Each structure stands twice: as C-alpha cells, then as structure tokens.
There are 2 protein chains.
Amino acid sequence: MTWSPLAASATSPNLVINAADVDAMQGAVSQPGRFRTAFLAVKADVDAFLTEPFSVPLPTDAGGGYSHEQHKKNYRLMYDAGVLYQITGERRYADRVRDMLLAYAKMYPDLPLHPKRRPGAKNPGKLFWQSLNEAVWLVYTIQAYDLIRPSLSKEDARKIENGVLRPVARFLSEESPATFNKVHNHGTWLTAAVGMTGYVLDEPEWVEKALLGLDKSGKGGFLRQLAELFSPDGYYTEGPYYQRYALMPFVTFAKAIDNNQPERDIFGYRDRILLKAVDSTIQLSYNGRFFPINDAIKNKGIDTPELVLGVAISYGKTGDARLLDIARRQGETLLTGDGLKVAQDLDANKQTAYPFTSWVFRDGAKGDQGALVVLRQQAPDDQALVFKPTAQGMGHGHFDKLSWQFYDSGAEVVTDYGAARFLNVEAKNGGRYLPENESYAKQTIAHNTLVIDERSHFDGNLKIANQKHPELLFFHAGDNVKISSAAIDSAYPGVTLKRTMALVQTPDHQKSFAIDLFDVQADRKHQLDLPLHYNGQLIDTNFNLYAYTDKISALGSKNGYQHLWLRGRGEPEQGLAQITWLNDNGRFYTYSSLVDGDIEILFTELGANDPNFNLRSEKAFLTRRANARAHTFVGVLEPHGEYDPAREFTAQSESQIVGITHKREGTLQLLSIALKDGSTQLLAFNDAAGITDKSVSHFDFDGNQYTFRGRAELFSISDREN
Amino acid sequence: MTWSPLAASATSPNLVINAADVDAMQGAVSQPGRFRTAFLAVKADVDAFLTEPFSVPLPTDAGGGYSHEQHKKNYRLMYDAGVLYQITGERRYADRVRDMLLAYAKMYPDLPLHPKRRPGAKNPGKLFWQSLNEAVWLVYTIQAYDLIRPSLSKEDARKIENGVLRPVARFLSEESPATFNKVHNHGTWLTAAVGMTGYVLDEPEWVEKALLGLDKSGKGGFLRQLAELFSPDGYYTEGPYYQRYALMPFVTFAKAIDNNQPERDIFGYRDRILLKAVDSTIQLSYNGRFFPINDAIKNKGIDTPELVLGVAISYGKTGDARLLDIARRQGETLLTGDGLKVAQDLDANKQTAYPFTSWVFRDGAKGDQGALVVLRQQAPDDQALVFKPTAQGMGHGHFDKLSWQFYDSGAEVVTDYGAARFLNVEAKNGGRYLPENESYAKQTIAHNTLVIDERSHFDGNLKIANQKHPELLFFHAGDNVKISSAAIDSAYPGVTLKRTMALVQTPDHQKSFAIDLFDVQADRKHQLDLPLHYNGQLIDTNFNLYAYTDKISALGSKNGYQHLWLRGRGEPEQGLAQITWLNDNGRFYTYSSLVDGDIEILFTELGANDPNFNLRSEKAFLTRRANARAHTFVGVLEPHGEYDPAREFTAQSESQIVGITHKREGTLQLLSIALKDGSTQLLAFNDAAGITDKSVSHFDFDGNQYTFRGRAELFSISDREN
C-alpha cells in the first residue's frame, strides 16, 4: 500500500477517540447507566487531582519508586483530563494537561539517560529506567495532547511539540533503532507511540516508519509484528500474560490507524489477526485469571486494563454480543466511543454467553511450531486442562515442553509457579524478575513435565530452545473425551518424549478424570523424574511414606533442584500408587499412577537455597524412575468429594479408583479405570496419523469386542457387563 | 418454679415450630419472596430423596464414614420432610418420616454400644460413636416426630415411641448420667434432646430432669448450664467456635420451652443471657469468620447453621432490625416461624447496619476470670485486634495467655493456627483432632505470646491452667485510641507477664498502628521468646538476615518447638528492627520493634516432625532475649501500601516509621512513633488503677508539656511543632 494523505487529520481528536465518539459521549453522560456512572467516577478522581499542585519530578527511581510511579500517574491523569475536556468542554481539564506538558517540555530536552538504567542496557529510557515505559508514556500522552490540542495557543503547542513530543518520538525511533525495529512487544510499544505521534503531528513519514520499520523495508515495524508475533490462531508465543500486555499497543495503534486510514483495513489484516488475538487472550483464562505459563504473574486476568480496551475495541469493530459477557465480568467502562457502545449494550442486556471451548492454539508465526492445547469440560464441574507443547516463547519462555496444568471447581489444582517476581516491589530486586526466576521458575523441575538426569530441557540453553519445538500429533474434542498428543525429540539428546493427555467424563457426568500417558524412549539409561506440583494439603498415600522429621535437605544442587526441600519419600509396591490431597477449593484430588515396583516417589516443598525468602512455599511430588531406557508413566487425576468445615460436611474423601490398566496394541491404546462401584471406564484411542471421524478401530477388552469411530472413545462398562 | 401442666401439649406441633407458625408459613409459600424460594429449594431436595429408597444402616463407621453420614442425612431429611408435611399437608412427606422411624424403631432396641466408640470412653453412643451425635439425632428427630404425629396411626405411634424415641431418651439420660449432668456442651445437647422429647411424649418428669439434672437438684441440667457456661457478657469460655456449636441446643431447647411454658421466661433468664450469647457470637467474628481462638476450625463463620437458627430465634424474640443485617449476610432462610419473620422483613428491607464494636467479653460464670478483648477501628480500613487474657477454656483451650491476633482489610494478618484437625476426613485420624493439636496447636509457641525457656504456659498442664486466669487491668475505647491491658503471674512460676495492646489511628484516619508493650518481670534469668505468626511472604528486613540454605533443622525438641523449621536468623543492632511482609490481601505490614542489641530474631516455618503431613506450612518470627530477668518488648505493627499485580500497581511498599521510643514515668507510659514525613504519633496512657474519664495526666515530651484526661490519648505532633 502506498502512502495516502492523512485525510482525517483536519478533524480532532482522531486517535482512539474521534469526533463522532465525542459527540456520542457528550450525549450519553446526561443519561443514567454504566457510561454516566463511569464518567462521574473518572470526573471525581480527576477533579480531586485538580485541587492539588502537580509534580513532574526529575527521573531518579526504578520501577515502584517515587518518580517512576509519579510519571505513570501523570500520563494517566493527562489522558483522563483530556477525555473530560472533550466530553465537558471545561477548560480547566485542558489547562491542567497543558501545564503538565509544558513542565515536561521544559525538563525533557536536558534529560540524560535514566540513572537507574541497567548497566550496558540496550533499551534505556530517560523519563523511566527503560524505553518501554517511555513509549507507554507517549502512547497515553499523545492521546492526551490530541484531545486538548484545540484549546492550545500556537505558542504553547509549539513549546510542547518541540520540547517533549517530538524529542520523545525521536528518542524512541531514530535514537533507539534496535528496539524500534525489533519484532517484539517492546517494539510494538515504540512503533505505536511513534506512529500515533505521527498522525497527530502530521508526520506521515513517522507513521510509515512505525508501520514498516525505520528503513521502511517492512522487515521491522508494526505490520511485521502483526505478521510474526501472533500465530494464525492469534496466540502470542510468550503466553497469555505477555499477550495481554502486548495487546495494548496493538489495539490502540490499530484503532488509531483505523480512524486515520480506514482504507488500510488494519483489523482485517492477516485474516483478522488482531480480533483473533483478543479472543485467544480471553480463551486462555480460567475463572477470570490467565493460565500462568512462562513468565507470568498469577493475579493477572481478563479484567486487566489492556483486555478491557481490547474487548471494547473488538466489540466496536464486530458487535459480537459474546464479548459483552466478558465486558460484564470485567466490570469496567471506558470513556471512549467503543466503551460507550459496550456500556449502552450492557445496559440493554444484549450480552450472550461467551463460549469457553476446547481448542488448539497453534504456535509460531506460521502455526507450525507446536501449540498450546486447552481441554475443557463443563461437567461435573468447570474443568480445564492446559497442555503445553508450545515453542519456547523467547526470553520469557520456560523450559517446560509438554507440561500441563489442571483447573477444577474454580481453582488451580495442578499448578505452575509462574514467574518469580514481585512486580514493582522495590525491596524485591527493584520489582524486577528475581534471581530465582532463572534458578527455579524457568527450570524444567518447576513444571509438570519430565526431567532427565536432573537437567532442564535443552540444558537450559535459550538459543537452542528457541530453535526447537514439539510436534502436535493430534487433538480431538468429543462429548466425553477431549484428548491431545504431542512429542519432542530435541529437549534431550537421544531422547524422544511423547505425551498424551485426556480429559474424560463418565456418560452420566458424575465423575471426571484427567489422564496422563507420558512415554520416554532413550538411546541409553537415564534417571527420569516426573514432577506434579499441587495446591493444598497432603491427605493420604496408599503406600508407606517416609518423612524426614528433624532435618531436611535440598533435593539437588542445580537446575532448580537446589530450591526443593526433600520432605519425604516412598517406594510403592507394584500396582497402583495413590496420593490424595485437599485443595483450598474444598475438593479432594487423587493422583493414581501405575507403578512397577521400581518407582520412587519424592515429596518436596519449595524454599531451599532462598536466602532472601523470595520463593513461595509450594508443594510437589516427583515420580522417579532410575536407570531406564524406556518408560511409560501412566497417571490418572481424579477430583472427588467435598470438604466444607463451615457446614461440617465431608463427602467422598477417598478415591473411587481401585485399578488401572494400560496397554498398547499397534496404534491403539487402551486405558482402563476400575471404580469401587464395580464399573470400569475404558478410554480407547488410536494414535495413528491421519485418523478421521470415519476411521474405525476394533479391539478386545476382557473378552468382549469393541468398536469405535474416529480418534477416541470412552466406554463406560457397568458391573453386569464386566 | 414448680411444675405446671403442659398446657400446650394439645396443640401440635409445639417445639421450635408451633401451630401459629404453621398457619403463617402455609400462607407465605404462595407469595413470592425469600421464604417461598427457600421452601421450593427444600421441597425440591426432599422430593428428590423421596424418589429413592431410604437407608437406615447398622452403625459401623466413625465420623465421616458411611453409616455416620447416613444417619446424619436421615435426621435432616426427616426434619425437612416433617416441616414440608405441615406446610403442604401432603401425606407422602409424613409417610416417609414414619417409614424411616419404624425402621429405626425396629433396629434400635437391639443395638449394642457403637463398635467405633473410643476405648474406655465415658460417652459412647449406639447410632454414632459418641452420645453427642446421638443427642443431635434426637433433637432433630423428635421435632420431625412432633411435626408428623397427627398423621400417625396409634399403632405406628406406639411402635416408634417405644422402639426408638423413648429408648434413645432413656439412653441419653438415665443411662448416660455423667454426660447428661455435665455442665458442658455435650450435656446441653443431651438435656435438650431429652427435654424436648419430654414435651412431645408428655413426660413432664423428663423435662424437669432436663432443666435441673437427673436428681432435679439444679446442680446439673439446662438451667445450670445457662448459669455457668456463659459469662455475664454471653461469652462461652471455649471461644466462638464452640460457642457457635453450643448455641444450637441452647436456642432450640429454649424456643421449645418458650412455646410450651412461656411462663418460664427462658429468654429473660439471667438478664437475657441467651440473647446476649447470640449477639456475642456475632461480635466475635471478622469478615464473616469467627476469631479462631482455642480449638477452632478456621472456615467457620456467621453463616453456620447454628447461628442462622440463633439469629432467627433471637430476631423472633426481639425484632432487633440489626440482626436482619446479619441474616442478610448469612443468606439462608429457615422454614420456621422465626425464619418466616426474618424472610419477610428482609424482603421489606427493614434491616439496619449491625454494629461491630470494641468490646470486653468477660470470661467465667461470674465474669471475673479474665476476658476476651476486641479492639476495632473502621478507618483507614476495617481492623480488629483480638487480645486474649481469657481463662483456659477447658479441654479445648490453648496455652496462650495474653496472645493476640490482628485483622485488616478483610484478612488475617497476625494469625492463630486454630485447631490441627481435618473435620470428618477419615484419612486424617478419622476426622478427629490430630496428634499435632496437642503437640503443636495448643502449645504456647503456636501463639503470639511469650514463651519462657521453651516451655508452655502452666507447663501445658490443663488441670492447673483451668484454675488460673489473667486479670484484665483496663480497657478504653476512644476515637483514635483503643487500648487494653492485662497481666498474669501464674503462667510461669516466679514470673509476671503484663501486656498492653493498643489500636490507634492518626486523626486524619490515614495511618493506623497496632501497638504491643509486653513486660516480663521474673525472679531469675530466663530465655524469653515472643513469636509473631504472620500470613504472607517475607519482603524485607532492615537488618542482616542469615538464612539456612542447604539444610534446615527443627528449632527445638518439645512443647511445639519440634514442629518449627528454623529458616533463618538475624541479630539487629540497637535501635529499630523492622520486618516487612506482604499479605495475601495485597497490603504490606511492617513490624517495628525496639531492640537493645541483645535480641535475636528467628524466622521459622511450620512442618518439622510431621510425618503424616498434618500441619499447614505457616510462617513466624520469634524475638528472642536470652538470660533476662526483666524485659519490655516494644512493637508496632503498621499496615501500609498496596500490591495489585492485576493492575500493575504497587504503592508504599516500605514502612513509614523511622523511630520509636518508649518510656515510663510513674504510672504514665509514652510511646512515640516518628514517621518519614517528619510527624510523630505519641501514645500516652496512664495505667494506674482507678483512672476515670476525669483523671488528668501531665507529662513532658521533647521539651513540650502535654495534658490529657482519662486513660489514654494519641498526640499527633507535626513537623513544625517538633
């Protein structure tokens, strides 16, 4: 596409909010409803700020410190005041923004690089310790400027543009070429900031560079980022925590592009990739919180400001009533044109249920680098199994190929530590990632996947990890069986790891099971550790558990093992090993595994070699097979019962499973679960390539013949039939 | 009072629900509202049960096991079906109760003592492992019988009364004399069951024995229990967890007495002690949960069935609209006459705010055995400080004289372990108290109070502990200062412990502090440990903290110390020692203490010597002073800031305190807190006996003279004045 004149530049404002939005908002604030409520709340906040003097401090502090937080407050305040100016027409809002911008304009030209920048950093800022925050500042501030520009004298506008807006835009583009051109979320913030500034200051060249990279070759820039940072399913390779974060500049800049150059059809770009990205961010959540894969801080969820904006913009573009359901759960109303549409349609109760579904989110720009698989089941309780044969996910990725997480009844059950970080808490490494993020949280042992010889996948080498990825073998989501399988042969030299995970429910929807078949084939003998990190209190084991009482030691010396206290160990006899715990959600969970008499189970608690008390105390057990060239771990996780001390009610605190069998016949695998009531649940699946819905499989089980079509089926065999 | 004829025995039913209640309920179920909703829900549940055969199994299992839970289900079902029979007049409900009672009547006469009774137990049951549960069974079942009696043939009535109701009543009275006569909550259940059965079966003698003891001397029985088990303030010496439990038979039987013999004025008895008991149970909660003192399971709160009934009956008697506020939070509607009144008045929005207040709950039948003190403050956040100079509280009491707990912003901050028990979880010691309840939870070190020479108060001897109690020295609740003081000289031989605790807020309501002055005077040198158990993640210390990394050991070998892992230690220099943690509620808390250079601080984590993983992992730090004959621990707990990773918002993660001083001048004590902003908060109090609101105290501080009236005052001294 060639450059077209900035047709809309005569109207103002015209970034996320345009003149038509302003008209509609001006009308809406006099009517009762969500929008007016939100308007009054923002107005009350800003009015309170306006009674006090403002502060534009010299940049001195790192994240969480005073000057850092003050500059963040400032851009938010300027943005809100700008919006209020447009809605109310009251000059005092515009004047405050003007005064603050004049203060920035006076200070900025003389600022050196930030004193708290990291030594040798490639991306230092001036107002903030890194350029990322500077770009966020400009994304907000250029919108504030766009909103108040009609109120400014020429002289003030000149001072502000020349004193701060242009210098920041220049600093973030020409003077930060590596970050600006980088196909990475930092790059997205920088290009969005610079491109939006280009629209407002009528610098088409800046917009062009933002879209196509500094050299306008298209090798960098916003369009390249859209082309490469999301998979064809709208999955962002760093995972939902950073996807949520990355979304903000994407949707903000896209909305500005759409308002200024609708002919670009930016929301239609790459088969509507941005709208898909908003949707996949929602899908990658449970009970309102994002799945905490890779470097993720756990409390983040669908109510984050980034996704509030994403959902509003997406709704403004599509009118999809299912998004209103999410907006309702977010419970926030934005003072934008899209925010108004959402508010009015929620007031009119137009939402329909948002469908969380079992889905494969392919990874990689072309969708060929593994996938994040979500298996969901609504009965007997809302359940989600997250299976992670994704690519590494760059620098924030964890060494956790084929790991899994499990959610049930609103809670985390089989857990992922997420990131070791206390965001913006100065005393904790300045609020940045903690050393334990590298030494523990990223390591394989911190996840629910196989560790060989106490070394992490790819030996913890990011460069190699970035070049490799698992292969998704199949995915199937039927009524009672959701199942997926994936493999990788590069995580360890000479070893193939293949895992099949299923979420099944009995036809009466009374019982459900998460099934795990982890097959290891190696060219020589290794020690195999399969950890399961759980949330809650250990209740029982069906084998002798030897606990260390007076002293405990670290389980190992490196690759994350140094952080695990060894609390106890057991050597279950051949047959069924069962471990039951009670989760904080008041349900019991039993992990039943098939053991051959050569398995040891180690019980650990996190916290060793943690001199600054940076790690949370979390629990795990490791199923260890020493000296094995090949082994298949067979495990079944069973939610059961209820513990409600408030009602003095305890039900089914014991597992209902009395036996498990697993066998393979060619490409067919049969996993049976025998229950106390005499029934047997039999999962049969065919893992051959190319299975279609019409493929037919036959097998014998306990003297009876069975047939099924397609990938998999669950046979529920009652007492009498057996 | 002499026995009066059972005037009301002609009308039926007449226990908790009487004939007038039935009339009103019959009218209400056709009107929309809470009551109809509750009626339809109970009806749906019972209707579902009626489609299935019932089961009256032979008693074989302990708590949590099948037969135990089935008999519990049965009495609830019979009760509900009885109520439905009265409301709807449908025979199928009465017939199901009849059939179940006939099955009980057939089985009961031949039952031996329960096979799972404790060896040598004084209180075995037949249907259940202990007679307590048998009494609960009868309390429900006699009501069910009373409700369906009009539907029965004479023959069936005879079979049921002779086969089960009379035998159970006999078993619980004549055949369980020790428990029946005991002034203890088990006794209350037994007397309630037998007395209510007496009303229904027209056995005035049984009622008389229930009220006055088997020998009718008044030394035992319900009236004696009312006279002795509650203090004059309605405090139950075992604490709110058991108070809530004890309440059920008290209010149930009282309501039955009130319906049958209104002339007894049972609710007016002992200055309305029962109504006070309901009210104090509510007061002893925070954010809906009871303060977990003594043997308490933490999830219990004001929404427990016992308190739902208590509030309904209390409201029926008093019409106090503040109780409706509690009923609203409980969110449950009872199908009784009182339940109907609550439902209708909530439907009509008649509730007024329930006032949680700072209060002294005197302990002991005469109110002279110490007290439980609650200090509350609404700003800047809802706060409660619980100070525990109570009596021991009998067998469920903990050795924690002068301990405290602190609550802020909806969460536990300074915590109490409560009981070591997984209620009704078979795998955890049959659902009973765990061994760790004795070895840890009851021990002094498990609480936030002083431990001398690593031994518990009274050396853990219950008999001695029951004979001793602290003295409450004073209590004062002013606008900005809530303060209380207590002492005990019998917890350790030759040692006087005196603690003063205050909850203060600055006049602008922006900052609040919990202040702790713990004075120890001994006749020889001891090791003094003052533990503080906290909830959350350690963030920072202002002194060097040496953490054990590869190995950790138990802190001690007995009295609870054997269960604490020693994770780290520090020796702060003379001055201010500060420890900051982040609570799960997203606020920071800093404990600042005045140290003299001879203090060591030990950081612990619970879990040593716990072979069955029975203990939760909880954290504490111990301030240790070795070799001291006298010492005053001076500590200030400061809530501050906010951590909201979902909004990427962190504020004031650091303490604002820069200095603390403490001095005593005669009976005056001065504690100053210097803040970063240059201001000083100065708490002055006079701990002399006999201080009144008019007493005047004078003192000098920093060259200025100050005067205050009454017990205490907070002086907020700004920068300029200083």
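The values are calculated or read from the model by the stated rules, or taken from the named source; none is laboratory data. Remember, it's a predicted structure, so these values are computed and weren't measured experimentally. Heads up, the Cβs are rebuilt from the backbone with ideal geometry, glycines too, and the neighbour counts pull from every protein chain shown. Keep in mind that these areas ignore ligands, DNA and RNA; they rest on the heavy atoms of the full protein, side chains included. Shrake-Rupley method; radii C 1.70, N 1.55, O 1.52, S 1.80 Å.
Tabulated data for the structure shown
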item	result
Any pair with Cβ under 7 angstrom, 6 or more apart, that starts in the range B:172-198 at a residue that is assigned by TED's automatic domain parsing to the domain that holds B:N18 and more than 23 Å from B:L147 (Cβ to Cβ) and ends at one that is of a type in the set (D, E) and open to solvent by less than 10 Å² (accessible area, probe 1.4 Å)	none
Evaluation of B:R567 against (1) under 23 Å from B:V658 (Cβ atoms); (2) within 14 Å of another protein chain (Cβ to nearest Cβ); (3) open to solvent by 10 Å² or more (accessible area, probe 1.4 Å) (one fails), failing number	(1)
Strands (runs of 3 or more DSSP E) fully within the range A:456-545 counting 2 or more residues that are among the small types (G, A, S)	A:481-488, A:512-534
Where a residue in the range A:37-48 is of a type in the set (G, A, S) and its partner, wherever it lies, is not in a helix (DSSP H, G or I), with Cβ under 7 Å and at least six apart	A:A38/A:T333; A:A38/A:L335
Residues of the range A:669-693 that turn out to be more than 36 Å from the chain's Cα centre (by Cα) and open to solvent by 50 Å² or more (accessible area, probe 1.4 Å), as a count	2
Selection count where residues are more than 23 Å from B:K366 (Cβ to Cβ) and aromatic (F, W, Y), scope the range B:195-240	2
Residues of the range A:40-66 that turn out to be at pLDDT 95 or above, open to solvent by less than 30 Å² (accessible area, probe 1.4 Å) and more than 20 Å from A:R98 (Cβ to Cβ), as a count	1
Leading residue by the ranking (nearest to the chain's Cα centre (by Cα)) among those in the range B:128-164 that are among the charged types (D, E, K, R) and closer than 13 Å to B:V83 by Cα	B:D146
B:D363 being surrounded by 24 or more Cβ atoms within 10 Å (Cβ to Cβ), of a type outside the set (A, V, I, L, M) and on the phi < 0 side of the Ramachandran plot	yes
Subset of the range A:268-279 that is surrounded by fewer than 24 Cβ atoms within 10 Å (Cβ to Cβ) and not charged (D, E, K, R) - its residue that is nearest to the other protein chains (Cβ to nearest Cβ)	A:L275
Check on A:D610, within 11 Å of another protein chain (Cβ to nearest Cβ) and surrounded by fewer than 19 Cβ atoms within 10 Å (Cβ to Cβ)	no
Top-ranked residue in the range A:583-594 [being open to solvent by less than 20 Å² (accessible area, probe 1.4 Å) and touching a His at 6+ places or on another chain (Cβ under 7 Å); ranked as farthest from the other protein chains (Cβ to nearest Cβ)]	A:T590
The range A:582-594 residues that are of a type in the set (V, I, T), paired with ones that are buried (at least 23 other Cβ atoms within 10 Å of the Cβ) (beta carbon under 8 Å, 6 or more apart)	A:T590/A:I579; A:T590/A:T580; A:T590/A:L637; A:T590/A:S655
Residue within the range A:523-536 that is within 14 Å of chain B (Cβ to nearest Cβ), open to solvent by 20 Å² or more (accessible area, probe 1.4 Å) and not acidic (D, E) present	yes
Residue list for the range A:255-267, filter: open to solvent by less than 30 Å² (accessible area, probe 1.4 Å), more than 22 Å from A:L324 (Cβ to Cβ) and outside any helix (DSSP H, G or I)	A:Q261, A:I266
Unmet requirement for A:K73, which otherwise passes all of (1) open to solvent by 40 Å² or more (accessible area, probe 1.4 Å); (2) within 20 Å of A:G125 (Cβ to Cβ); (3) part of a loop (DSSP other than H, G, I, E, B)	(3)
Subset tally (residues that are over 24 Å from B:M25 (Cα atoms) and touching a residue at least 12 places away in the same chain (Cβ under 8 Å)) for the range B:72-115	17
Qualifying residues in the range B:650-668 (those that are open to solvent by less than 70 Å² (accessible area, probe 1.4 Å) and within 14 Å of another protein chain (Cβ to nearest Cβ)) - the one nearest to A:E306 (Cα to Cα)	B:T650
Among the residues listed as B:D453, B:D408, B:D459, B:D363, the single one being touching a Lys or Arg at 6+ places or on another chain (Cβ under 9 Å) and either closer than 25 Å to B:L538 by Cβ or at pLDDT 95 or above (or both)	B:D408
Among (1) open to solvent by less than 30 Å² (accessible area, probe 1.4 Å); (2) touching a residue at least 40 places away in the same chain (Cβ under 8 Å), the one test that B:A169 misses	(2)
Lone qualifier among A:N585, A:N544 - being of a type outside the set (D, E) and modelled with pLDDT under 95	A:N585
Pairs, first under 18 Å from A:H563 (Cα atoms) and within 12 Å of chain B (Cβ to nearest Cβ) in the range A:415-439, second open to solvent by 30 Å² or more (accessible area, probe 1.4 Å) and in a loop (DSSP other than H, G, I, E, B), C-beta under 6 Å, six or more apart	A:G418/A:K298
Conditions (1) away from every other protein chain (no Cβ under 13 Å); (2) surrounded by fewer than 23 Cβ atoms within 10 Å (Cβ to Cβ); (3) touching a residue at least 60 places away in the same chain (Cβ under 8 Å); number of the one not met by B:N461	(3)
Search result, residues across the range B:168-213 that are of a type in the set (V, I, T), within 24 Å of the chain's Cα centre (by Cα) and either modelled with pLDDT of 95 or more or within 11 Å of B:A135 (Cβ to Cβ) (or both)	B:T179, B:T188, B:T191
Which numbered condition A:T623 misses (of (1) more than 13 Å from chain B (Cβ to nearest Cβ); (2) hydroxyl-bearing (S, T, Y); (3) under 30 Å from B:N544 (Cα atoms))	(3)
Scope the range B:300-322; condition open to solvent by 10 Å² or more (accessible area, probe 1.4 Å) and among the polar types (S, T, N, Q); matching residues	B:T318
Candidates B:I293, B:I282, B:I297, B:I326 - the one that is open to solvent by less than 30 Å² (accessible area, probe 1.4 Å), farther than 26 Å from B:T37 by Cβ and away from chain A (no Cβ under 14 Å)	B:I293
Lone qualifier among B:G597, B:G635 - being on the phi > 0 side of the Ramachandran plot, more than 13 Å from every other protein chain (Cβ to nearest Cβ) and out of contact with any helix residue (DSSP H, G or I) (no Cβ under 8 Å at 6 or more places or on another chain)	B:G597
Strands (runs of 3 or more DSSP E) (entirely within the range B:617-710) containing at least 3 residues that are among the basic types (K, R)	B:619-640
